[in-house]
1. Which three extents, in whole angstrom, do the alpha-carbon atoms of segment 198-281 cover along their principal axes, largest first?
2. List the residues of segment 224-263 whose backbone N lies under 11 Å from a point placed 7 Å from the Cα of Lys301 along the Cα-to-Cβ direction.
3. In percent, what relative contact order does the chain have, based on Cα pairs under 8 Å that are 6 or more apart in sequence?
4. Between Glu272 and Glu310, what is the label-to-label distance in nm when each label sits 7 Å out along the Cα-to-Cβ direction?
5. Of the listed pairs Lys145/Lys301; Lys145/Lys261; Lys241/Lys296, which have alpha-carbon separations greater than 18 Å here?
6. Of Thr132, Thr32, Thr59, Thr124, how do they rank once you tally other Cβ atoms within 10 Å and put the fewest first?
7. Compute the angle between helix 312-323 and the longest alpha-carbon principal axis of the chain, please, reported from 0 to 90 degrees and rounded to the nearest 10.
8. Tell me which aspartates and glutamates have Cα within less than 15 Å of Lys158's Cα, excluding those fewer than 8 residues away on the same chain?
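Just so you know, all these numbers are worked out from the coordinates, no wet-lab data involved. Remember, it's a predicted structure, so these values are computed and weren't measured experimentally. We place every Cβ from the backbone using ideal geometry, glycine too, and count neighbours over all the protein chains shown.
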Amino acid sequence: MVRRVPFWLCLVLFAMLNACATPVPTDPEYATIDMTNLPQPDFSVNISGLSPCTSSVDTTIHLNSNEPVTVIVHGCFGSAALYRSLAQVFAFHGQQTVCFNYNDRDSMTQSSAELITALDTLSTKMSNNSFTLIGHSQGGLISRKALIKERDDRLQAKNKKLTLVTISSPFAGIAAANHCGSTTARWLSLGLVVPICKLISGDKWYEITAPSPFIQQPGNMLDQVSSHLKIVTDERGTCRKYDEQGYCLEDDFVFSVNEQKFEKVDNAAVVENLEVAAGHAEIVGDYRVIPHKLIKLLQDKSILKRTPPERKAELTLLLKKIYQ
């Protein structure tokens with residue numbers, strides 16, 4: 001007898017796949033960042049998992065050891081190149097960034113361990129040990145998990161000053177994936193749920209569900225984490241792609257507010273929840289959309305430096321160039 005996959009499971013898997021990032025255009029300019037306003041680098045190094053936020057095949061990072069570093073962690077099907085424009089906004093304000101790259105089909109516990117190793121390695125090169133982690137979507141889950149106390153491989157944070165920013169991250173688990181962890185769903189699908197979910201999502205297939213220990217036991221953050229700015233996006237009614245007549249071809253709704261809010265995370269003293277009406281891709285921007293809301297939030301919270309009045313016109317021109 002041929003086993004048929006239930007229609008509801010097809011919808012679930014489609015929803016999981018639909019949470020993907022916008023592809024980056026194959027433009028040579030995406031392989032570089034204008035470093036004019038950045039502090040002069042005083043070292044160059046290759047560290048597994050870290051690279052410039054560009055599409056360049058050269059992963060060597062060039063940093064000034066006396067300045068803070070912002071580490072950007074991409075989400076599902078993301079890449080360093082997707083954050084090239086955001087990194088350029090930081091560079092315009094004199095702030096250096098690197099991107100963390102990982103296989104988004106791996107266990108998120110494993111990916112967070114790789115992030116810990118990368119940060120520990122980078123800190124040995126730095127005189128200034130102030131790090132800000134900015135994680136979007138799944139990248140926010142990984143970033144937070146890298147900063148908790150309850151792990152044997154925890155970050156060597158004694159001399160570090162840590163700030164966490166998460167954006168549109170499903171800390172309560174991904175609702176569309178919950179059938180992957182359901183005993184009833186396994187029975188109804190004649191056992192097909194697990195292999196199909198693993199085929200679609202990889203080794204993280206159970207971690208992204210609400211009942212998983214990854215979600216239900218988020219852990220306590222290291223004492224060195226001074227703040228966790230948690231940007232929650234209300235993605236209802238948003239659109240990622242329009243046709244020539246202005247009709248929406250692809251919505252920008254991935255996670256509900258309820259998927260992003262979770263008491264076990266939100267109740268930490270260092271957490272500040274900020275809710276903003278924005279689409280899942282819109283909030284961080286892509287090569288078509290300027291992330292005005294995110295830039296304002298980051299500047300309001302002193303993550304990104306304020307733009308001097310005399311440079312605002314210059315920033316406006318830059319944003320039009322790198323995003324549109």
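1. The Cα atoms of segment 198-281 stretch 52, 34, 20 Å along their principal axes.
2. Flagged as within label range: 227-233.
3. Over the chain, the number comes to 16 percent.
4. Output for this residue pair reads 2.9 nm.
5. Lys145/Lys301; Lys241/Lys296
6. Listing Thr132, Thr32, Thr59, Thr124 from fewest to most nearby Cβ atoms yields Thr124, Thr32, Thr59, Thr132.
7. Approximately 40 degrees, to the nearest ten.
8. Asp120, Asp223
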